[in-house]
1. Quick one: count up the residues across region 26-56 that are of a type outside the set (D, E, K, R) and assigned to a loop (DSSP other than H, G, I, E, B).
2. Return the total of residues in region 105-133 being more than 13 Å from the chain's Cα centre (by Cα), within 25 Å of GLY169 (Cβ to Cβ) and within 11 Å of ligand 1 (Cβ to nearest atom).
3. Being surrounded by fewer than 21 Cβ atoms within 10 Å (Cβ to Cβ) and out of contact with any Ser or Thr (no Cβ under 6 Å at 6 or more places or on another chain) is the filter here; which residues of region 40-55 pass it?
4. I'd like to verify a number: residues in region 2-25 that are under 17 Å from the mean Cα position of the chain (by Cα), in a helix (DSSP H, G or I) and closer than 14 Å to PHE144 by Cβ, how many?
5. Sort out which residues of region 123-161 are in a loop (DSSP other than H, G, I, E, B), aliphatic (A, V, I, L, M) and either more than 16 Å from ligand 2 (Cβ to nearest atom) or touching a Gly at 6+ places or on another chain (Cβ under 6 Å) (or both), and write them in order of number.
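Just so it is clear, none of the values below were taken in a lab; they were calculated from the coordinates. Just so it is clear, the model here is predicted, and its values are computed rather than measured. Heads up, the Cβs are rebuilt from the backbone with ideal geometry, glycines too, and the neighbour counts pull from every protein chain shown.
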Amino acid sequence: MRDRITPLLTEAQIRARVQEMGAQLTRDYAGQDLVVVGLLNGVFPFFADLVRSMDFDFDVSFMQVASYGGGTESTGEVHILKDLDRSIQGRHALVVEDIVDTGLTLFKVRNLLKDREPQSLKICTLLDKPSRRKIEVPVDYVGFTIEDHFVVGYGLDFDGKLRNLPYVGVYHP
Ligand code: XMP
Ligand code: MG
């Protein structure tokens, strides 16, 4: 599997960028009532590094959604596999995602969370593939903008594997 990967972002590049993002989030949110919402599974390494670079007190909570349909591309219909374990009503919510591709998943998640009446709702992603977007969704914090490649590592998988790689690479099936 690993022989099919071309490196794209090194561990050091990711670390430096995540530190910058954490510093920015600290400037933007310190002193406010914030819930940082991680979208499982892909977000786990990014989430762990990001929240540890945010230097103030906040809540974390996780959500897992799945697309209906079973095709390789999201259909835009999502259902909740695991819901948040705390309320975001009247609080600031920051959704953290590994990658925004077509935007369909985040669009649905965003609407779903907006119905719970947070004081604010923003989106933070490690990777953004804007050339693939099918629906416009505001992404407030982006780690890296990338070309239309299928990427793996640092949480991103191929067939459930390779999430544990400490770097991000392009996978050539
Ligand atoms: P949307 O709805 O924005 O879906 O199309 C985003 C989700 O699709 C997955 N995804 C990827 N997973 N390498 C991956 O391992 C990729 O290059 C890739 N592009 C999209 C991912 O689960 C993300 O949350
Ligand atoms: Mg994902």
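1. Here is the first cut: in region 26-56, the ones of a type outside the set (D, E, K, R) are 26, 29-32, 34-48, 50-51, 53-54, 56.
Filter once more, so that each one left must be assigned to a loop (DSSP other than H, G, I, E, B): 30-32, 41-43, 53-54, 56.
Matching residues across region 26-56 total 9.
2. Matching residues across region 105-133 total 3.
3. LEU40, ASN41, GLY42, PHE44, PRO45, ALA48, ASP49, VAL51, ARG52, SER53
4. Within region 2-25, the first condition is being under 17 Å from the mean Cα position of the chain (by Cα), and the residues that meet it are 9, 14-15, 17-22, 24-25.
Still in the running and in a helix (DSSP H, G or I): 14-15, 17-22, 24-25.
Those still in the list that are closer than 14 Å to PHE144 by Cβ too: 14-15, 17-21.
Number of matching residues: 7.
5. Here is the first cut: in region 123-161, the ones in a loop (DSSP other than H, G, I, E, B) are 129, 133-140, 146-150, 154-155, 157, 159-160.
From what is left, the residues that are aliphatic (A, V, I, L, M) are 135, 137, 139, 146.
Once the filter is applied, which keeps residues that are in a loop (DSSP other than H, G, I, E, B), aliphatic (A, V, I, L, M) and either more than 16 Å from ligand 2 (Cβ to nearest atom) or touching a Gly at 6+ places or on another chain (Cβ under 6 Å) (or both), region 123-161 yields ILE135, VAL137.
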